[in-house]
Amino acid sequence: MSGFEQMEEDGVVWMNGEYVDWEDATTHVMTHALHYGSGVFEGVRAYDTEKGTAIFRWDEHLDRLYESAKPYDLDIEYEPEELTEATLEVVRRNDLDSAYIRPIAYYGYDSLGVSPGDCPTDVVIGAWPWGAYLGEDALENGVEVMVSSWRKHASSQIPTNAKTTGLYVNSLLAGEEARRNGYTEAIVLNKEGNVAEGPGENIFLVRDGEIYTPGLSESILGGITRDTVITLAEERGYEVHDDVSISRGELNTADELFFTGSAAEVTPIRQVDNVEIGNGGRGPVTEELQTAFFDLVERRTDEHDEWFTYVE
């Protein structure tokens, strides 16, 4: 899997209002979030466009960061405008034309009871180069996935609409199980046995020219790229069913399947559990939406300019 590319030694990270050298951006080993997963985060992409470096749907990601913090009583003391300017400056100082941006807020160092007590809320923003999450080849030829034996937690157990650090242990288990078995990625079912999502992606199914994706009640995270693709599909005349239940068996009989996510972007799925999907490659609907997505984020079109925050 393609992914993290090490920052240059002169890179910086924004930590609690200060710009800190990359190698000095550390936290104490007794930090609450390290022990209990008590943090929330976002993954955001900035693209090298014809209009300059542009962060895609930053406002929506920032809104979700604050919303994710609410169930955990994480008090992010910085205003959205402060975090926006800090993010722009991190991209500038790291001299990045394109980037993966990671804002994170978490309970810091004070005490180690399960209750965070007087632990401060630390807020950090980093940015670095990151290529295609599931590999460059995957964008064209698709990935082979397996249905994981691990189930997605239900919203009655832990809020699924919050992007919480600790919950990604579930994603780690599912993804590593898939890779140990020779697959690129996993699909996770919810407690009812219906399709939820990938470890870090939403999933779409195409059947008879119509598009289906699990609804928010299926224990999924409401993805911002998911919302983007729904909008692009509807603008192109597709019927999109975005509040459905999809059974495991429907995966095998789909005409096309694809993942969406800030990291995964729009990635076709060519096999599920060794069953070939459609023609065994990138289907025509997936290709059209993938092309529309990259035309959009690389600003080869003027559509939805309101979704972009430009790094001057």
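Taken together, the values in this text are just the output of simple stated rules run on the coordinates, not laboratory data. Quick caveat: nothing in here was measured; it's all calculated off a predicted structure. Note: ideal-geometry Cβ built from the backbone for every residue, glycine included; neighbour counts use all protein chains shown.
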Segment 170-252: Cα Rg divided by the 2.2 N^0.38 Å rule of thumb: 1.12
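With runs of 4+ DSSP H residues as the only contributors, calculate the mean residue ellipticity of the chain at 222 nm using -39,500 (n - 2.57) per run, divided by the residue total and rounded to the nearest 500.
It comes out at -7500 deg cm²/dmol, rounded to the nearest 500.
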Suppose every K and R has +1 on its Cβ and every D and E has -1 on its Cβ; what is the size of the dipole of the chain about the Cα centre, in Debye to the nearest 20? 1300
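Send over the semi-axes of segment 207-282's equivalent ellipsoid, whole angstrom and largest first, taken as the square roots of 5 times the C-alpha gyration tensor eigenvalues.
Numbers: eigenvalues 73, 41, 37 Å².
Three semi-axes, in Å: 19, 14, 14.
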Which residues does a label at Arg179 reach in segment 123-137, if reach means a backbone N under 20 Å from a point 7 Å past the Cα toward the Cβ? 128-137
Label-point separation, Thr231 to Glu276 (7 Å along Cα→Cβ), nm: 3.7
In Å, what Kirkwood hydrodynamic radius results for the chain from the alpha-carbon pair distances? 20.1
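Which value, in nm² and rounded to one decimal, describes the direction-averaged projected area of the C-alpha convex hull of segment 12-128? All intermediate terms of the calculation are to be shown ahead of the outcome.
On the way: hull surface 27.9 nm².
If you wrap the Cα atoms of segment 12-128 in a convex hull and average its projections, you get 7.0 nm².
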Just flag the GluC sites (Glu not before Pro) in segment 24-83 sitting in loop per DSSP whose Cβ has no more than 16 other Cβ atoms within 10 Å. Glu50, Glu77
With labels modelled as points extended 7 Å from the Cα through the Cβ direction, what inter-label distance (nm, one decimal) is found for Asp73 paired with Asp97? 4.8
Once Asp21 and Lys191 are pulled to full extension, the length gained, defined as 0.36 nm per residue separation minus their Cα-Cα distance, is 56.8 nm
Under the Debye formula (equal points on every Cα, no solvent term), log10 I(q)/I(0) of segment 178-312 at q = 0.15, 0.17, 0.22 Å⁻¹: -0.70, -0.89, -1.45
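What does the charge count near Glu67 come to, summing +1 for each Lys or Arg and -1 for each Asp or Glu among other residues with Cβ under 15 Å from its Cβ?
On the way: positive: Arg57, Arg64, Lys70, Lys163; negative: Glu42, Asp59, Glu60, Asp63, Asp73, Asp75, Asp227.
Taking every other residue near Glu67 into account, the sum is -3.
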Length gained if Tyr310 through Glu210 is fully extended, taking 0.36 nm per residue and subtracting the Cα-Cα distance, is 32.6 nm
Where does helix 284-297 land angle-wise versus the long Cα axis of the chain, in degrees 0 to 90, nearest 10? 30
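Among Phe41, Phe259, Phe294, what is the fewest-to-most ranking by other Cβ atoms within 10 Å? Working shown, then result.
Values: Phe41 18, Phe259 31, Phe294 14.
The most exposed by this proxy come first: Phe294, Phe41, Phe259.
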If the chain between Glu287 and His35 were fully stretched, how many nm would it gain, using 0.36 nm times the residue separation less the Cα-Cα distance? 86.5 nm
per DSSP, antiparallel bridges as share of beta bridges in segment 136-297, % nearest 5, sits at 65
Taking the chain as the reference, fit the longest principal axis to its C-alpha atoms, fit the long axis of helix 58-69 to the helix C-alpha atoms, and give the angle between the two in degrees, 0 to 90, nearest 10. 70
